[in-house]
């Protein structure tokens with residue numbers, strides 16, 4: 001993950017220093033350095049093959065990334081604009097690294113953990129000046145996926161959150177802010193979807209190949225254009241409510257039960273687009289034009305995947 005983040009920032013013009021926080025003999029560090037920089041170069045070479053940059057650009061971008069050993073951490077962090085911690089998901093290890101890093105930078109330098117599982121407030125106690133600390137969760141591969149989830153802690157200064165959001169937008173990312181809760185946004189939804197897909201294979205509902213085909217050309221296809229909550233509003237929260245009740249009964253599992261917010265929105269008349277509000281507010285929008293725009297984007301996706309066929313006349 002750290003190497004992917006390094007590529008993302010270097011691609012956007014920033015100098016990046018990756019720090020090996022584990023003390024090791026010089027020859028072992030040299031091997032690690034070669035491996036890390038080799039991965040960065042290999043990633044940039046693949047982006048060049050994809051047409052995102054030239055081979056000459058790849059060399060220049062790669063030169064912006066350096067790797068230093070643990071003993072050089074104080075000097076490396078002295079001029080840091082922001083620090084990302086990316087060590088394995090071990091609480092004590094992360095606390096040790098964060099504590100050491102926070103002693104090497106000024107009180108206003110932002111420090112972020114890239115943890116995908118540990119809550120920010122379980123780590124913040126190890127950081128000096130905790131107002132500048134938060135979680136910044138990237139999705140793999142970090143250099144390609146636009147989304148980055150920002151999770152401030154109880155003590156995080158709102159201005160720090162705003163600065164991180166602006167920094168990420170400045171390198172072409174799409175940041176979202178979420179509460180400090182297990183799973184953030186994407187992993188929490190993703191875990192449910194992946195477990196259900198595996199369960200359907202287990203139950204013999206369909207083959208793994210057909211389930212994945214259904215996800216690529218149905219589930220994922222639509223949600224590349226509309227978010228989940230917007231899609232609820234598109235069809236109507238009442239549709240989800242009754243479909244959930246049926247699935248809960250038919251499959252004998254409360255994992256399909258609709259949350260209270262669905263029935264509450266129904267009782268309050270917040271059905272979705274057809275009532276002007278649901279999870280999102282559509283007041284003042286030309287709904288027909290809005291729907292047309294969304295459908296036009298779906299058509300562009302069809303063309304991209306070479307699935308838009310001419311009519312048979």
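The values are calculated or read from the model by the stated rules, or taken from the named source; none is laboratory data. Note that this is a predicted model, so its numbers are computed, not measured. Cβ coordinates were reconstructed from backbone atoms using ideal geometry, including for glycine residues, and neighbour counts include every protein chain displayed.
General remarks:
- Answer from 90, 68, 109 - the residue that is in contact with a strand residue (DSSP E or B) (Cβ under 7 Å, 6 or more places away or on another chain), assigned by TED's automatic domain parsing to the domain that holds residue 32 and either surrounded by 19 or more Cβ atoms within 10 Å (Cβ to Cβ) or closer than 26 Å to residue 31 by Cβ (or both): 68
- Taken as a whole, region 235-258 holds no residue that is in contact (Cβ under 8 Å) with a residue 40 or more places away in the chain, surrounded by 13 or more Cβ atoms within 10 Å (Cβ to Cβ) and within 30 Å of residue 155 (Cβ to Cβ).
- The combined condition, being part of a loop (DSSP other than H, G, I, E, B), surrounded by fewer than 19 Cβ atoms within 10 Å (Cβ to Cβ) and out of contact with any strand residue (DSSP E or B) (no Cβ under 6 Å at 6 or more places or on another chain), is fulfilled by residue 141.
- Only residues that are part of a loop (DSSP other than H, G, I, E, B) and within 28 Å of residue 200 (Cβ to Cβ) were counted in region 241-272, giving 5.
- The set of residues in region 95-119 that are at pLDDT 95 or above and within 20 Å of the chain's Cα centre (by Cα) comprises 110, 111, 112, 113, 114.
- The set of residues from region 301-313 being part of a helix (DSSP H, G or I) and either touching a strand residue (DSSP E or B) at 6+ places or on another chain (Cβ under 8 Å) or surrounded by 11 or more Cβ atoms within 10 Å (Cβ to Cβ) (or both) comprises 301, 302.
- All of 37, 32 fail the test of being in a helix (DSSP H, G or I), crowded, with 17+ Cβ neighbours inside 10 Å and free of Cβ contacts under 8 Å to residues at least 40 places away in the same chain, apart from 37.
- Some residue of region 275-289 being out of contact with any strand residue (DSSP E or B) (no Cβ under 6 Å at 6 or more places or on another chain), surrounded by 15 or more Cβ atoms within 10 Å (Cβ to Cβ) and either part of a helix (DSSP H, G or I) or not assigned by TED's automatic domain parsing to the domain that holds residue 196 (or both): yes
- The residues of region 95-106 that are touching a residue at least 24 places away in the same chain (Cβ under 8 Å) and either touching a helix residue (DSSP H, G or I) at 6+ places or on another chain (Cβ under 8 Å) or exposed (fewer than 14 other Cβ atoms within 10 Å of the Cβ) (or both), listed by number, are 95, 96, 98, 99, 100, 101, 102, 103, 104, 105.
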